[in-house]
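Everything below concerns the one structure shown next.
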């Protein structure tokens, strides 16, 4: 059994925390997700309405509000910054790593818990997910907390202890529901049913504390759903039917991808621990196959299968959907790592090293072809990617040497440090692409030219990052997209059609319009104007008579 002295444990926690949070404010927000979720929270603070989420002043019911609330609270406490926009994502990701240590230690032993935390805190997909402002990490953490509490409840004999853990599981499920919707309940319930059918263990339902658990779940989750439905009678149909049932069963949002989409993401996202992934899954199956008692490893394996399978058959797929499988994989890898012979670990690490080399070389070749349109920007980012690949290869080579000397813990630490630093380099270096992924530079030039009384138009476009950086919303012209439902509910927020805008804009004395360069080049001859700012992604114009003001 491997046990750190307390001082070393504290030092490692401090180092991990600094590396995890240190780059949150380095990058500008990128579109669409980072800008969208930062802006919804900003408008919540500005309006004081914490019940009805709005995007660009328009009702936005696609997701529940927990992350909006957390981000809005961060704005209130620390101000509206890029790091406060990402703080909830980073905090829940960081907490998930600590939870993996706690769960692994309680379920499988101290060594397994330590390795699980090292695996999760350095897995490429998880690190990336913890530093991009989306809703996936928040729901991943609360799902992890829910099944962790469930597993601890089912492996405890004392009734009061089991009850407390199950009530925590119900609480976390409610928070998962408030983070991203019905998957907060559907995924745990589907995994539980699958487990019961597979093991024929239906006694487990007697240990769920269903009545107090459901009461607590509804007490936490129901108030917002009731409040938002009272304020917005159209909410329930859109949220539950359109955003869940139709999104799952149809291609309504044009997010269809082949059924196997998540398998390469699962493999690549497990780097640098890819060599240990499949042995850990196999061990989880073999270790508890045929056991009569509750089987936590089997449950974790089924969780992975259910989550990947659920989203693979869905007609709507986005990369972040499978983030919740990585905490479970980390526990299984940590458990397998703690018990595997060193010779096996050397082979697994060699496989992981070979995979990193192949991915790095393939990435360089693909990147060169992809970057031809923007060679300067992508060339800068390529340096970061090359550094990340070289760093990770060096760490794995060094870890292999430690394994040769039977220094398993040193090998795990080096691998984890290399994985975390490499993934952070990939994230941090993405700032090189900000000129084509963020409206920050354009907003910085335009904002001093705007006056509060001016109407701001967004013509045939809507850059999700601009309202956050301009600190104001815009009137949409010939554009709806994801705001179509909200505009249908409040048609007075709809901007003029294109012909009306072209006729009206030159006569206005207090207006600014933002267009894409393509729209500007197409419309400029029909639109008397004064050019304010032009950049590669945006053009800002004012009515011609505004020049004399």
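If you take the residues of the stretch 74-123 that are crowded, with 24+ Cβ neighbours inside 10 Å and out of contact with any helix residue (DSSP H, G or I) (no Cβ under 6 Å at 6 or more places or on another chain), which of them is nearest to residue 22 (Cα to Cα)?
It comes out as 86.
Conditions tested, residue by residue: (1) crowded, with 17+ Cβ neighbours inside 10 Å; (2) at pLDDT below 95; (3) over 16 Å from the mean Cα position of the chain (by Cα); (4) under 30 Å from residue 224 (Cβ atoms).
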| site | (1), (2), (3), (4) |
| --- | --- |
| 8 | no, yes, yes, no |
| 12 | yes, yes, yes, no |
| 18 | no, no, yes, no |
| 21 | yes, no, no, yes |
| 24 | yes, no, no, yes |
| 28 | yes, no, yes, no |
| 35 | yes, no, no, yes |
| 42 | yes, no, yes, yes |
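Just for the stretch 258-273: of the residues that are surrounded by 15 or more Cβ atoms within 10 Å (Cβ to Cβ) and outside any helix (DSSP H, G or I), which one is modelled with the lowest pLDDT?
Going through the qualifying residues, I end up with 261.
More than 30 Å from residue 225 (Cβ to Cβ), part of a helix (DSSP H, G or I) and under 16 Å from the mean Cα position of the chain (by Cα) - does that describe any residue in the stretch 60-82?
yes
Here is a check on your reading of the model: is residue 182 surrounded by fewer than 23 Cβ atoms within 10 Å (Cβ to Cβ), at pLDDT 95 or above and either under 28 Å from the mean Cα position of the chain (by Cα) or within 30 Å of residue 30 (Cβ to Cβ) (or both)?
On the way: surrounded by fewer than 23 Cβ atoms within 10 Å (Cβ to Cβ): yes; at pLDDT 95 or above: no; either under 28 Å from the mean Cα position of the chain (by Cα) or within 30 Å of residue 30 (Cβ to Cβ) (or both): yes.
Judged against the criteria, residue 182 is not a match.
Please enumerate the residues belonging to the stretch 308-341 that are within 23 Å of residue 111 (Cβ to Cβ) and surrounded by fewer than 21 Cβ atoms within 10 Å (Cβ to Cβ).
339, 340, 341, listed by residue number.
Identify all residues within the stretch 189-238 that are in a loop (DSSP other than H, G, I, E, B) and over 16 Å from residue 153 (Cβ atoms); write none if there are none. Explain how you work it out, then say what you get.
If we filter the stretch 189-238 for residues that are in a loop (DSSP other than H, G, I, E, B), which is where we start, we get 200-202, 208-209, 232-234.
Listed by number, the residues that qualify are 200, 202, 232, 233, 234.
Please state which one of 526, 536 is exposed (fewer than 14 other Cβ atoms within 10 Å of the Cβ), closer than 25 Å to residue 34 by Cα, touching a helix residue (DSSP H, G or I) at 6+ places or on another chain (Cβ under 8 Å) and not assigned by TED's automatic domain parsing to the domain that holds residue 231.
Matching residue, one of 526, 536: 536.
If you go through the stretch 6-21, how many residues are farther than 19 Å from residue 102 by Cα and either in contact with a helix residue (DSSP H, G or I) (Cβ under 8 Å, 6 or more places away or on another chain) or touching a residue at least 60 places away in the same chain (Cβ under 8 Å) (or both)? If you could, list the steps in order and put the result at the bottom.
First, pick out the residues of the stretch 6-21 that are farther than 19 Å from residue 102 by Cα: 18-19, 21.
Add one more test, that the residue is either in contact with a helix residue (DSSP H, G or I) (Cβ under 8 Å, 6 or more places away or on another chain) or touching a residue at least 60 places away in the same chain (Cβ under 8 Å) (or both), and what stays is 19, 21.
Residues in the stretch 6-21 being farther than 19 Å from residue 102 by Cα and either in contact with a helix residue (DSSP H, G or I) (Cβ under 8 Å, 6 or more places away or on another chain) or touching a residue at least 60 places away in the same chain (Cβ under 8 Å) (or both): 2 in total.
The values are calculated or read from the model by the stated rules, or taken from the named source; none is laboratory data. Computed from a predicted model, the values in this text were never measured in an experiment. Glycine also receives a Cβ, built like all others from the backbone with ideal geometry; neighbour counts cover every protein chain displayed.
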